[in-house]
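Enquirer: Before I ask anything, let me first share the structure, which is written out below as structure tokens.
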Amino acid sequence: MNSSDYIAVARRRLALGDSGLIRGFTIDLPLFLIVLSLCAISLVALHSASDGDSGVLRRQGIAVMIGALAMLAVAQLDLRLLRRSVSYAWLGGVALLGLVLMIGVEANGARSWLDLPGLPSFQPSELMKFIVPLALAKYLAFQPLPPRFVQLLGCAALVLIPAGLIVLQNDMGTAILIFMAGLFVLLLAGMSLRLVTAGGLLVLLASPLWYVFFALEHQKRRILSFIDPYTDPTGAGYNIIQSQIAIGSGGIQGKGHGAGDQSRLDFIPESSTDFIFAVIAEEFGLAGALALIALYLLLLARGLQIAIGASSVFGRLLAGGIVLTVFFNAYVNLAMVVGLMPVIGLPLPLVSRGGTAIIACCIGLGLLMSVRASANRPSRR
Amino acid sequence: MTGRWQFRDFKAERALFIRRVALACAVVLAMLAVLVAKLVNLQVTRHEYYSARSDGNRLHVQYVPPKRGLILDRDGVPLAENLPVYNLTIVPEEVVDLDATLAALAGLVALSEDEISAFRDRLRRSRVPYTSMPLRYMLTEEEKSRVAVHGHRLPGVAIEPRLMRHYPFKELTAHAVGYVSHINQQELDALDEAEFENYGGTTHVGKTGVERTYESLLHGRVGHETVEKNNRGRLMRVLEHAEASSGSDLGLHLHHRLQIAAHQALGDYRGAVVAIEPETGGILAMVSKPAFDPNLFVTGISSRAYGELVNDAVNTPLFDRAINPYPPGSTVKPFLGLAGLHLGLIDYDFIIDDPGYFQLPGVSYRWNNYTMRTEIGGGHGKTDLAKAIYQSSDTFFYDLGHRMGIDAMHDFMAQFGFGGNLALDIAHARIGVLPSRQWKIEARGEPWYPGDTINSSIGQGYMWATPLQLAAATAVVANEGRMVRPRMLRSVDGRPHAFAKEFSISDVFIENPDYWRYVRDAMVMVGHRPYSDVFRDYGTAYEAIAGADRDMTYQIAGKTGTAQVVGISQSIRSSKDIQVSDLNKDHALFIAFAPANHPLVRPRIALAVFVENGEHGGSVAAPVAKQVIDAWLLEILQLDLRVEPDPQPLAPASEIAATRE
């Protein structure tokens, strides 16, 4: 495919009245509204967490706007076009991850930022969260499903290469998420459940070995402090203790916007990024927390609905994989903040502070809209 | 792209997909159930626990230290005041790297080596954990803003507004007023529970002098406030406030100008002056020289500076000479003369022929006339009590003391406060020694020998008295027996202070009140009897008093004293700084009260002057006394003491006494 094909397709889409089809603007309104609601919650929570620092709010607001535009732009893309460019996206993403390892910038212990001249600094690993399901969906869509064992090996390469590079960046959370994204696509494609169960058991059995021989010091501390935060209340257990105090003191109704003592007085660490749910649960209580969870559940429901209604195998796997990844990301973050899981550095999608994450997530959800749009067009598989 | 055209069962694939979606939904719902259960547990079941934890995070009850009471002189001039300052403080427990922090601060504010070493010294001493420790006092505005801008990068560092104790007269009041310094763990341990609470916000406590004696009055009651602090310890708002109540302002009898005058009068000598108001017992001046700057102790003195003060074996600036005992020498003679008269051992007509020495019957050892030892020898010739006082004849008192015996001498002298502490509020004053048979057995394990009595009768041997004791005893003589106990405190918050123990010691009773006047007149002659043709018949302080000031408008009753230096420490002997011969010189003493024998004005000041190695009471200590008395009567009280050349004769002493009541 060369560039003139793209131009031809684009020209076709822009031409009104072409073959009697209105190829105008396409949008999935329910999904769009859910995303905007989450972004609105993000801005409200950041207002509390950033202690009136208008710079933080402004940057997040701009990221939300760029994200919304990117989402709508991606939604307009023809799914077939998209499928053709997946290989390049995967290769480009892996190349960027390699670049990060060479010239990346470190922040919060993870060397995951790329600061290229002329571009705002961004995290290629965030984009990879959606490129991996794309790549897997494309790879699997060619074959009859369920996938055979040989195909699984190909999938493993597509997932493990970027995941490995991200592990090298010392960003365990994102690496796990990318692995899970791949796994979700495979599961939706019908991969043998016995295989998954066996793998899970293997991981479970191997984890003590990992803990003894391979786990890094800070990882051990995080796991120990997850089991009992009070073994090191001012160190590794501090975040989770303060987060639980914030959530618990919020009660059913919450302390009110701006009145969250824990967030207002800086007792919640990382209150604008990984622990932003603690701010929401403190200020808006159980009611607010359930509302937020309900939004993610709605997002999941709408995403799965789009996946089921997709007209192609590729679209189906892509939509299902992406929405499960986003939901899983949200769940892991919430479980970590309430103390159900050890602390791993995963932000809350669409809510935590961070421009790249928001824009990447919007692009991912834009893909969902594109899948939905292609399903609405007659007989296009 | 060929795979697309393979044969595929798309329906089955779609069914498989939907089954997997259903499975995912089931798993998701289970996971959400766990999450919601956890949230309910945190936010509903354990809500109260976490609310309390949240309040515990942010709410702090902090003490509001009370403002320490001022110490004022009798004119209301502050001797100890509170200056509002901004101090640079450090909570050592919050500092990550102390050396780096100190180095960073040295770039922001002027920090001397001394201040850093004083800070480290205090760090080593016992202290209350998690309290801020001052590093630099009195930041300038410029330093304050520099620290405010850069200080946030230095955990544990803060700028604290404080009221800092300040002694404007510095070394002039160092011993009498004392000083406050950092409260230490031992002092905190000594507090009972209520007191400990009251000292919650207090960093300094009175260590010496009035500051220590009246700590409980000066301190005040602590206040409380509930404040909200953020995670970095910054105060966000005050939620509750209970005012502290300030300590009481104390008015002293001390007069700052008399204190200055006494300090100046001592000149370059080491020594002490204690001046008392005979009517009230109020201490008008109490000077020990050399002294030190008490403000150094408020900010925490460095080891080096402290070492300099402690190791100065010659000047001993920390040593309060005013309340430490020395041999009183001949200044005891007026008291012994009164004892002789009172006990009937002598009368006005009693005369000895002083050959210049005294021998006990059957003993060949001669007690020489001590004051004559360097001179031409010989005695005072025919000597009565008056002459024995104004010429300071030892022989007369050797004889009198021998006949009186140590027991009678002890009992009589004790009435004037020798060997005890009459002072109402100078608890740390030493009591010296008023020897007796019992004392010697107990203290030395030896019996009393007759020769001990001879030495005691001229204020040598075992007898030791402080300048404070001498001044207080002199005030009793000025009062003709009426006991007034020395005291520093005059008023509390402007109201005159009444001591509970005021009248617990009885007046000194003398058989015939005229004896007081006789001794007083003899003491007047010490300073006012001029030279004449008669050999050795002048007052020993004439040259310093009436002889030096021909236009004197009033009379001073006084007594010179010279006391042998007893034992010089080896460290001083080996010192190269000062000639040892100077340190072997006698101590010079002078006690006095004035105006004496005035028709209208009763004595307004009684004092004792002690000059270390001053050699002669008459020529060195008496001029100091004269200067101090002049300053009090003429400059400060501005009394007109001139007696008009009146045709009427001076009122008899008994009438003057009558006007005193």
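The values are calculated or read from the model by the stated rules, or taken from the named source; none is laboratory data. Just so you know, these numbers come straight off a predicted model, no measurement behind them. All Cβ positions, even for glycine, are placed from backbone atoms using ideal geometry, and neighbour counts span all protein chains on display.
Enquirer: Quick check on my filter: what residues within segment A:23-46 are hydroxyl-bearing (Ser, Thr, Tyr) and within 25 Å of A:Ser374 (Cβ to Cβ)?
Expert: A:Thr26
Enquirer: On the given criteria, is A:Glu282 facing chain B (nearest Cβ under 9 Å), among the acidic types (Asp, Glu) and under 17 Å from A:Leu348 (Cβ atoms)?
Expert: yes
Yes/no per residue for (1) within 24 Å of B:Met404 (Cα to Cα); (2) aliphatic (A, V, I, L, M):
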| site | (1), (2) |
| --- | --- |
| B:Pro450 | yes, no |
| B:Pro467 | no, no |
| B:Ala472 | yes, yes |
| B:Gly481 | yes, no |
| B:Leu489 | no, yes |
| B:His497 | no, no |
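Enquirer: Is at least one residue of segment B:254-267 of a type in the set (S, T, N, Q), more than 19 Å from B:Val492 (Cβ to Cβ), surrounded by fewer than 17 Cβ atoms within 10 Å (Cβ to Cβ) and touching a residue at least 12 places away in the same chain (Cβ under 8 Å)?
Expert: Yes: one or more hits.
Enquirer: Sticking with this one: Looking at segment B:121-140, is at least one residue among the small types (Gly, Ala, Ser), over 30 Å from B:Val492 (Cβ atoms) and assigned to a helix (DSSP H, G or I)?
Expert: no
Enquirer: Looking for something touching a strand residue (DSSP E or B) at 6+ places or on another chain (Cβ under 8 Å), more than 30 Å from B:Phe196 (Cβ to Cβ) and crowded, with 16+ Cβ neighbours inside 10 Å - is there at least one such residue anywhere in segment B:62-73?
Expert: The answer is yes; a qualifying residue exists.
Enquirer: Inspect segment A:333-351 for any residue being surrounded by 20 or more Cβ atoms within 10 Å (Cβ to Cβ), part of a helix (DSSP H, G or I), touching a residue at least 24 places away in the same chain (Cβ under 8 Å) and away from every other protein chain (no Cβ under 12 Å) and give the result as yes or no.
Expert: Scanning segment A:333-351 turns up no residue that is surrounded by 20 or more Cβ atoms within 10 Å (Cβ to Cβ), part of a helix (DSSP H, G or I), touching a residue at least 24 places away in the same chain (Cβ under 8 Å) and away from every other protein chain (no Cβ under 12 Å).
Enquirer: For segment A:153-197, what are the residues that are assigned to a helix (DSSP H, G or I), in contact with a Lys or Arg (Cβ under 9 Å, 6 or more places away or on another chain) and away from chain B (no Cβ under 14 Å)?
Expert: Of everything in segment A:153-197, those that are assigned to a helix (DSSP H, G or I), in contact with a Lys or Arg (Cβ under 9 Å, 6 or more places away or on another chain) and away from chain B (no Cβ under 14 Å) turn out to be A:Leu168, A:Thr174, A:Leu177, A:Ile178.
Enquirer: Let me ask something else. Where in segment B:376-448 are the helices (runs of 4 or more DSSP H), entirely inside, with at least 2 residues that are closer than 27 Å to B:Val524 by Cα, of a type in the set (Ser, Thr, Tyr) and assigned by TED's automatic domain parsing to the domain that holds B:His175?
Expert: Ranges flagged: none.
Enquirer: For B:Gly201, state whether it is out of contact with any helix residue (DSSP H, G or I) (no Cβ under 9 Å at 6 or more places or on another chain) and outside the structural domain of B:Arg487 (by TED's automatic domain parsing).
Expert: yes
Enquirer: Let me ask something additional. Among the candidates A:Leu72, A:Leu116, which residue alone is outside any helix (DSSP H, G or I), at negative phi and away from chain B (no Cβ under 14 Å)?
Expert: Of the residues listed, the single one that is outside any helix (DSSP H, G or I), at negative phi and away from chain B (no Cβ under 14 Å) is A:Leu116.
One line per residue, one yes/no per condition, for (1) more than 22 Å from A:Leu365 (Cα to Cα); (2) not in a helix (DSSP H, G or I):
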site	(1), (2)
A:Phe25	no, yes
A:Ile41	no, no
A:Leu57	yes, no
A:Ala63	no, no
A:Arg84	no, no
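Enquirer: Got a sec? Which of B:Ser112, B:Ser132, B:Ser54, B:Ser117 is among the small types (Gly, Ala, Ser) and outside the structural domain of B:Thr226 (by TED's automatic domain parsing)?
Expert: Being among the small types (Gly, Ala, Ser) and outside the structural domain of B:Thr226 (by TED's automatic domain parsing) holds for just one of B:Ser112, B:Ser132, B:Ser54, B:Ser117, which is B:Ser54.
Enquirer: Moving on to the next point. List every residue pair whose Cβ atoms lie under 7 Å apart, where the two residues are 6 or more positions apart in sequence or sit on different chains, the first residue falls within segment A:256-275 and is without any contact (Cβ under 8 Å) to a residue 40 or more places away in the chain and within 11 Å of another protein chain (Cβ to nearest Cβ), and the second residue, located anywhere, is in a loop (DSSP other than H, G, I, E, B) and buried (at least 23 other Cβ atoms within 10 Å of the Cβ).
Expert: From segment A:256-275, the pairs are A:Gln262/A:Ile268; A:Pro269/A:Phe275.
Residues are listed down the side, and each one gets a yes or a no for (1) in a helix (DSSP H, G or I); (2) under 14 Å from A:Ala141 (Cα atoms); (3) at pLDDT 95 or above; (4) of a type outside the set (Gly, Ala, Ser):
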| residue | (1), (2), (3), (4) |
| --- | --- |
| B:Gly3 | yes, yes, no, no |
| B:Phe7 | no, yes, no, yes |
| B:Arg14 | yes, yes, no, yes |
| B:Ala30 | yes, no, yes, no |
| B:Val34 | yes, no, yes, yes |
| B:Asp55 | yes, no, no, yes |
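Enquirer: Quick one: B:Asn311 ticks every box in (1) buried (at least 21 other Cβ atoms within 10 Å of the Cβ); (2) without any contact (Cβ under 8 Å) to a residue 24 or more places away in the chain bar one, so which box is it?
Expert: (1)
Enquirer: When segment B:593-643 is examined, which residues are found to be in a helix (DSSP H, G or I), of a type in the set (D, E, K, R) and closer than 20 Å to B:Pro334 by Cα?
Expert: B:Lys626
Enquirer: Right, another one. Kindly indicate the residue of segment A:291-305 that is surrounded by 20 or more Cβ atoms within 10 Å (Cβ to Cβ) and within 11 Å of chain B (Cβ to nearest Cβ) and also farthest from A:Ala75 (Cα to Cα) among those meeting that condition.
Expert: Filtering first and then ranking leaves A:Leu292.
Enquirer: Inspect segment A:35-42 for any residue being in contact with a Lys or Arg (Cβ under 9 Å, 6 or more places away or on another chain), within 16 Å of A:Pro349 (Cβ to Cβ) and buried (at least 18 other Cβ atoms within 10 Å of the Cβ) and give the result as yes or no.
Expert: For segment A:35-42, residues in contact with a Lys or Arg (Cβ under 9 Å, 6 or more places away or on another chain), within 16 Å of A:Pro349 (Cβ to Cβ) and buried (at least 18 other Cβ atoms within 10 Å of the Cβ): present.
Enquirer: Still on this structure: At least 2 residues that are out of contact with any Cys (no Cβ under 7 Å at 6 or more places or on another chain), within 14 Å of another protein chain (Cβ to nearest Cβ) and touching a residue at least 40 places away in the same chain (Cβ under 8 Å) in each: list the strands (runs of 3 or more DSSP E) lying fully within segment B:175-233 that qualify.
Expert: By residue number, B:223-229.
Enquirer: Among the candidates B:Glu81, B:Glu94, single out the residue that is in contact (Cβ under 8 Å) with a residue 24 or more places away in the chain and more than 14 Å from chain A (Cβ to nearest Cβ).
Expert: Result: B:Glu81 is the single residue among B:Glu81, B:Glu94 that is in contact (Cβ under 8 Å) with a residue 24 or more places away in the chain and more than 14 Å from chain A (Cβ to nearest Cβ).
Enquirer: Same structure, new question: Residue check, B:Asn230 against (1) under 14 Å from the mean Cα position of the chain (by Cα); (2) within 30 Å of A:Pro269 (Cβ to Cβ), all met but one. Which one?
Expert: With (1) under 14 Å from the mean Cα position of the chain (by Cα); (2) within 30 Å of A:Pro269 (Cβ to Cβ) applied to B:Asn230, the lone miss is (1).
Enquirer: Further question on the same structure: Please give the number of the condition B:Tyr49 fails out of (1) within 12 Å of chain A (Cβ to nearest Cβ); (2) of a type in the set (Phe, Trp, Tyr); (3) within 36 Å of the chain's Cα centre (by Cα).
Expert: All conditions are met except number (3).
Enquirer: While we're on this one: For the condition assigned by TED's automatic domain parsing to the domain that holds B:Gly344, outside any helix (DSSP H, G or I) and buried (at least 18 other Cβ atoms within 10 Å of the Cβ), what is the one hit in B:Gln469, B:Gln460?
Expert: Just one listed residue meets the conditions, B:Gln460.
Enquirer: For segment A:237-255, enumerate the residues that are more than 8 Å from every other protein chain (Cβ to nearest Cβ), in contact (Cβ under 8 Å) with a residue 24 or more places away in the chain, surrounded by 20 or more Cβ atoms within 10 Å (Cβ to Cβ) and not hydroxyl-bearing (Ser, Thr, Tyr).
Expert: A:Asn239, A:Ile240, A:Gly254, A:Lys255
Enquirer: Name every residue in segment B:24-46 that is farther than 17 Å from A:Leu290 by Cα and at the interface with chain A (Cβ under 8 Å from one of its Cβ atoms), in order of residue number.
Expert: Listed by number, the residues that qualify are B:Ala24, B:Cys25, B:Arg46.
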